[in-house]
Amino acid sequence: MRGKFDNTKPIYLQILQRLCRQLVRGEIKTGQKLPSIREMALHMGVNPNTIQRVYNELEQMEIAETRRGLGSYVTENEERLSRLREDLKREQICRFVKDMRESGFNPGEIIEGVDNELKIQASKEAKGV
Amino acid sequence: MSEHIVDFCNVSKKYLNQYAINDISFGLAPGKITALVGPNGSGKSTILKLAAGLIRPSSGSVTVNGRTACRRIAAEVAFLSEKDVLYPFFTVDETIKFNAGLFADFDLQKAGEILHFMGLEKNKKVRHLSKGNLGRLKITLALSRRAPLILMDEPLAGLDPLARDVIIKSMISHIDLGSQTVLLSTHEVSEVEPVLDMVICIYYGRIKGIEDVEKVREEYGLSLLDWMKKISVN
């Protein structure tokens with residue numbers, strides 16, 4: 001199923017993260033209508049109450065808005081979405097850097113390692129792997 | 001007045017001199033899906049039968065939708081029994097119509113939709129249904145009712161992964177949590193985990209824990225199975 005979840009973490013958070021990533025990748029567009037709660041619940045294989053909670057969170061984050069009787073829509077506020085993109089980037093880098101430092105790598109090694117990895121991946125992509 | 005749809009207050013049930021459940025109290029808020037989990041013989045079925053009004057408590061009280069649970073609450077409760085309770089000589093369609101005659105809240109149109117969703121053949125005799133299809137039919141009967149309370153005793157037990165998957169999906173799309181509440185028993189926890197709101201862990205006739213499933217993951221960082229193990233040893 002599309003919804004393989006880590007069952008030691010709250011499901012609503014995992015779905016929230018997935019949707020945020022889809023937004024950042026542009027798979028969900030600004031102003032787009034989100035699936036109804038039931039459709040999304042079925043798609044994810046989870047309880048509709050969980051999706052309701054996700055939509056409430058998105059609304060509180062000002063990323064989505066509920067239009068009475070019409071459903072939930074992604075905000076058209078580009079500034080908010082680019083802020084989401086920045087937040088997501090920082091959050092992941094922050095976690096990565098913390099991990100690396102705890103494993104005993106210094107900043108120079110981290111930057112060099114990331115740089116190398118990016119080159120390796122770019123050459124793989126170029127070869128069409 | 002309680003806002004709970006189901007209320008157990010100091011309920012015990014004795015069979016001869018053995019306690020099936022012992023001094024249990026809990027309430028279910030409406031609009032949620034709750035699972036009763038615990039090992040075989042821990043009292044899950046007894047709790048469901050008490051909530052369905054099929055048996056009476058030895059002591060304590062069981063209230064459903066504001067009324068004391070008894071045979072007459074059958075009109076407000078859809079009960080999916082673990083046992084096979086269908087007539088083998090009926091076809092699928094006849095079984096549906098028979099149930100529509102039994103319960104005023106039975107929604108024939110919805111039953112048709114669910115049958116289609118499940119891929120069940122209308123003209124097949126119940127006697128000729130596979131175990132998986134029998135499970136599908138029983139779920140169809142329970143979900144076709146607009147009853148405020150749906151009780152399901154081991155709806156997934158003994159079914160193949162495909163049947164379990166379609167049953168869980170049909171629960172997501174056909175239960176109206178705006179007006180319905182579900183209490184089900186299972187020992188296949190990981191399968192139903194994503195569709196649950198609440199979990200009640202029973203261990204030898206006593207409640208070991210009642211918890212919001214997201215809270216189990218959020219605050220303890222545990223899967224339901226690990227949580228059950230942890231509280232069962234205490």
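Just so you know, all these numbers are worked out from the coordinates, no wet-lab data involved. It should be emphasised that the depicted structure is a prediction, and the values quoted were computed from it without experimental measurement. When we count neighbours, we look across all protein chains shown, and the Cβ atoms used for this are built from the backbone with ideal geometry, even at glycine.
To test your reading of the geometry: what angle, between 0 and 90 degrees and rounded to tens, separates the Cα axis of helix B:161-174 from the longest principal axis of chain B?
So the helix axis and the longest Cα principal axis differ by about 90 degrees.
Where does the range A:2-129 land on Rg/Rh, using Cα atoms and the Kirkwood Rh?
Details: Rg = 18.1 Å, Rh = 17.0 Å.
On the Cα set of the range A:2-129, Rg over Rh gives 1.06.
Using modelled backbone amide H atoms (1.01 Å from N, in-plane), which distant-in-sequence or interchain residues come within less than 5 Å of B:I202's amide H?
B:V37, B:G38, B:K208
Amide H to amide H, which residues 5 or more places from B:D107 or on other chains are under 5 Å from it, using H placed in the peptide plane?
For B:D107, the qualifying residues are B:R145, B:R146.
Based on Cβ point charges of +1 for Lys and Arg and -1 for Asp and Glu, what charge dipole magnitude is obtained for the range B:140-234 about its Cα centre, in debye rounded to the nearest 20? Could you put the intermediate results ahead of the total?
Working: 10 positive and 15 negative charges, 53 e Å.
It works out to roughly 260 debye.
In deg cm²/dmol and to the nearest 500, what is the mean residue ellipticity at 222 nm of the protein assembly as shown if only DSSP H runs of at least 4 residues count, each as -39500 (n - 2.57), divided by the residue total?
Details: 13 runs with 160 residues, N = 363.
Theoretical 222 nm ellipticity from helices: -14000 deg cm²/dmol.
Relative to the longest principal axis of the C-alpha atoms of chain B, give the angle of the C-alpha long axis of helix B:224-233, reported between 0 and 90° and rounded to the nearest 10°.
40 degrees
To make sure I understand the rule: partners must be lysines, Cα under 26 Å from the Cα of A:K98, and not fewer than 8 residues away in the same chain. Which ones qualify?
A:K98 reaches A:K9, A:K89, A:K119.
How much FRET efficiency would the formula 1/(1 + (r/R0)^6) give for A:S36 and B:E218, where r is the Cβ-Cβ distance and R0 is 25 Å, rounded to 0.05?
Values: r = 26 Å, r/R0 = 1.03.
It comes to 0.45.
So the label point goes 7 Å from the Cα of B:D23 along Cα→C-beta, right? Which residues of the range B:195-233 then have their backbone N under 18 Å from it?
So the set is B:202-210.
Grab the beta carbon distance between A:L88 and B:A157, set R0 = 41 Å, and tell me the FRET efficiency rounded to 0.05.
Values: r = 42 Å, r/R0 = 1.03.
Using R0 = 41 Å, I get an efficiency of 0.45.
First measure r as the distance between the Cβ atoms of A:N116 and A:Q22, then evaluate 1/(1 + (r/R0)^6) with R0 = 22 Å and state the FRET efficiency to the nearest 0.05. Before the final figure, lay out the partial values.
Details: r = 29 Å, r/R0 = 1.32.
With R0 = 22 Å, the Cβ-Cβ based efficiency is 0.15.
Where Lys and Arg each count +1 and Asp and Glu each count -1, what net charge lies around B:I207 among other residues with Cβ under 13 Å from its Cβ? Mind dumping the intermediate values first?
Values: positive: B:K44, B:R206, B:K208; negative: B:D23, B:E211.
Local net charge: +1.
May I have the pair-distance distribution P(r) for chain B, computed from all Cα-Cα distances with 5 Å bins from 0 and rounded to whole percent?
Over chain B, the share of Cα pairs per 5 Å bin runs 1, 7, 14, 18, 20, 17, 12, 7, 3, 1, 0 percent.
Going 7 Å from the Cα of B:K125 along its beta-carbon direction, which residues of the range B:79-94 have the amide nitrogen within less than 16 Å of the resulting point?
Answer for the range B:79-94: B:86-94.
Expressed as a whole number of Å, what is the distance separating the alpha-carbon centroids of the range A:47-113 and the range B:212-226?
That distance is 23 Å.
So who's got an amide H within less than 5 Å of the one on B:V6, skipping anything under 5 residues away but keeping other chains? H placed 1.01 Å off N, in plane.
For B:V6, whose amide H was placed from the backbone, the distant partners under 5 Å are B:L28, B:N65.
Is there a quick way to get the dipole size of chain A? I mean about its Cα centre, with the Cβ of Lys and Arg at +1 and of Asp and Glu at -1; what is the value in debye to the nearest 20?
Numbers: 23 positive and 20 negative charges, 102 e Å.
Taking the Cα centre of chain A as origin, the dipole is about 500 debye.
Could you give the size of the charge dipole of the protein assembly as shown about its Cα centre, using +1 on the Cβ of each K and R and -1 on the Cβ of each D and E, expressed in debye and rounded to the nearest 20? All intermediate terms of the calculation are to be shown ahead of the outcome.
On the way: 52 positive and 47 negative charges, 235 e Å.
Charge dipole of the protein assembly as shown: 1120 debye, to the nearest 20.
Just checking the output field for B:152-159: average partner chain Cβ neighbours within 10 Å of each residue's Cβ?
Numbers: counts 0, 0, 0, 0, 0, 0, 0, 0.
The per-residue average across the peptide is 0.
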